[in-house]
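The values are calculated or read from the model by the stated rules, or taken from the named source; none is laboratory data. In this text, all values refer to a predicted model and were calculated from it rather than measured experimentally. Here the Cβ is made from the backbone with ideal geometry for all residues, glycine too, and neighbour counts use every protein chain on show. What goes into the accessible areas is simple: the full protein's heavy atoms, side chains included, and nothing from ligands, DNA or RNA. Shrake-Rupley method; radii C 1.70, N 1.55, O 1.52, S 1.80 Å.
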Amino acid sequence: TFTPTPADKFTFGLWTLGNTGRDPFGEPTRSPLTPAQIVDAIGQAGGAFGVNFHDNDLIPLDASDQASAQIKSDFRKALRRNKLKIPMATTNLFSDPVFKDGAFTSNDADIRAYAIQKTMRAMQLGAEFGAKIYVMWGGREGTESDATKDPILAVKRYRKAINFLCKYNLDQNFGFKFALEAKANEPRGHIYFAVTGSYLGFIETLDHPKMVGVNPEFAHENMVGLNFVHHVAQAIEHKKLFHIDLNDQVMCRYDQDFRFASNSYKQAFFLVKLLTDTQYRGFKHFDSHAYRQSDHQDVIEFAKGSMRSYKILEYKTDQFNKDKQIQKLVKLINRDNRKLTSLTNKFTKKNAAQLLATNFNRHKLAERRLPYEELDQLTFDLLMGVR
Ligand code: 3MF
Ligand code: MG
Ligand code: MG
Ligand code: MG
């Protein structure tokens, strides 16, 4: 069966099941839900580990102290009755007009300081609910025209903000790990740190690089036609995959936030295979929403389907790894040569001299079989369930 359990560490954001179907051209198609109602909906879908939120998903920007105390108490009760936890928190640094030209990278020092203050408060809120992962998506960090902002200054400003917040994290003993989320398009004309790799480079320049990793999102790389699996693989290899946003979308379209695996079956399979084979133990967050046509009941189906598809692809991974014919081919195409590998593994003058003296028959090497058609077709058969 493909029934999820909390051990799968699946999570949803308040903004995901709470999405009302509004888009740049159309009004909402579903009525808004309170945070507690969203938690109940996630509970109804069944098997999730927890819920994530932006500060203002939970507490509206101008809420009074009394109103926010009430919201928090209702939210806590809902979490308890649905046995859901808060693993991740984040800041909304993109909706309010004050951030129209960026938050940490704004040209206005007052706005940059306000953005850092807002994040500090959101970190307090997240910590209050037990979150240990803190995601940063710089949705407004960018330009429409590069006449308007110095791109080198932007990197420096971003670094200063993250360094400050890392120190605040230590000072307050929050114990957060930060996960930086890249996005190539939308909502700015050009967004800084466009892909996961941009952040992998940036993180090494921080004061506390160990505290900071990435939160790649399937659709964010996919929307510009890139291979998401390869980006995640590099993050894993760098030990920087702190969190992941799962969803889907048709390549090179607008930001669709479709249900995970609803469109790109094959990439979704290789992603789940990668996460499974490398024993990723972090949270798997479905950062997506139901189609605009869906009603509340269908939103629950959307949540169930997200988890179910992941479980199915996990099962397919197991089948792939146990399939004798597939594994025989995998073995065949990975040829080892101990002697040569020992030469190239480490540079020494002797190894270099021996390598230079080695004769390669490149025509023979080129003739070695790579039955990739056969392997890919077997993969297809397996995914389609006819194997
Ligand atoms: C936008 C996103 C964001 C981030 C979120 C968490 C609104 O495309 O993916 O969702 O994931 O801000 O930090
Ligand atoms: Mg997104
Ligand atoms: Mg989105
Ligand atoms: Mg996201």
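Structure data summary
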| read-out | value |
| --- | --- |
| Zero-based 10 Å bins, Cα pair distances in region 63-121, whole percents | 20, 33, 30, 15, 1 |
| Orientation-averaged projected area, Cα convex hull of the chain (nm²) | 23.7 |
| R0 of 45 Å, Cβ-Cβ distance residue 355-residue 279: FRET efficiency to nearest 0.05 | 0.80 |
| Debye, to nearest 20: dipole size of the chain, +1 on Lys, Arg Cβ, -1 on Asp, Glu Cβ | 2100 |
| Added length on full extension, which subtracts the Cα-Cα distance from 0.36 nm per residue, residue 363 to residue 1 | 125.3 nm |
| log₁₀ of I(q)/I(0) at q = 0.14, 0.20 Å⁻¹ - region 285-356, Debye sum with one point per alpha carbon | -0.70, -0.88 |
| Antiparallel DSSP beta bridges within the chain, as percent of all bridges there, nearest 5 | 15 |
| Where Rh is the Kirkwood radius over Cα pairs, Rg/Rh for region 217-270 | 0.96 |
| Accessible surface of the chain [probe 1.4 Å, protein heavy atoms]: carbon and sulfur percent | 53 |
| Cα-centred dipole magnitude for region 301-346, charges only on beta-carbon of K, R (+1) and D, E (-1), debye, nearest 20 | 300 |
| Value of [θ]222 nm, deg cm²/dmol, for the chain, DSSP H segments ≥ 4, -39500 (n - 2.57) each, nearest 500 | -15000 deg cm²/dmol |
| Calculated P(r) tail over 23 Å for region 137-258, as whole % of Cα pairs | 32 |
| Bridge type composition, region 1-134 - antiparallel percent by DSSP, nearest 5 | 10 |
| Surface per residue (accessible, 1.4 Å probe) for the chain, Å² | 52 |
| For a label point 7 Å along the Cα-to-beta-carbon line of residue 377, residues of region 313-349 with backbone N under 14 Å | 326 |
| Å³ per residue enclosed by the Cα convex hull of region 156-198 | 85 |
| In region 261-341, the trypsin sites (Lys or Arg not before Pro) that fall in loop regions by DSSP, at most 12 other Cβ within 10 Å | 281, 335 |
| Region 19-77: C-alpha gyration tensor shape, a/c 1.5 cut-off, then a/b vs b/c | oblate |
| Stokes-Einstein D (µm²/s) once Rh is taken as the Kirkwood radius of region 9-129 over alpha-carbon pairs, at 4 °C in 1.567 mPa s | 84 |
| Under the span-like rule (Cα at least 15 Å along the axis, Kyte-Doolittle mean at least -0.5), DSSP H helices of the chain | 35-45, 109-128, 151-172, 265-277, 372-384 |
| Trypsin sites (Lys or Arg not before Pro) within region 60-100: DSSP coil, no more than 13 neighbouring Cβ in 10 Å | 83, 100 |
| Separation of alpha-carbon centers, region 134-154 and region 37-51, rounded to whole Å | 34 |
| Given the chain, longest segment not containing exposed loop GluC sites (Glu not before Pro) (DSSP; at most 12 other Cβ within 10 Å) | 205-387 |
| Kirkwood-based shape ratio for region 240-382, expressed as Rg/Rh from alpha carbons | 1.15 |
| 384, 88, ranked by accessible area, largest first (probe 1.4 Å) | 384, 88 |
| Relative contact order [Cα under 8 Å, 6+ residues apart], the chain, whole percent | 14 |
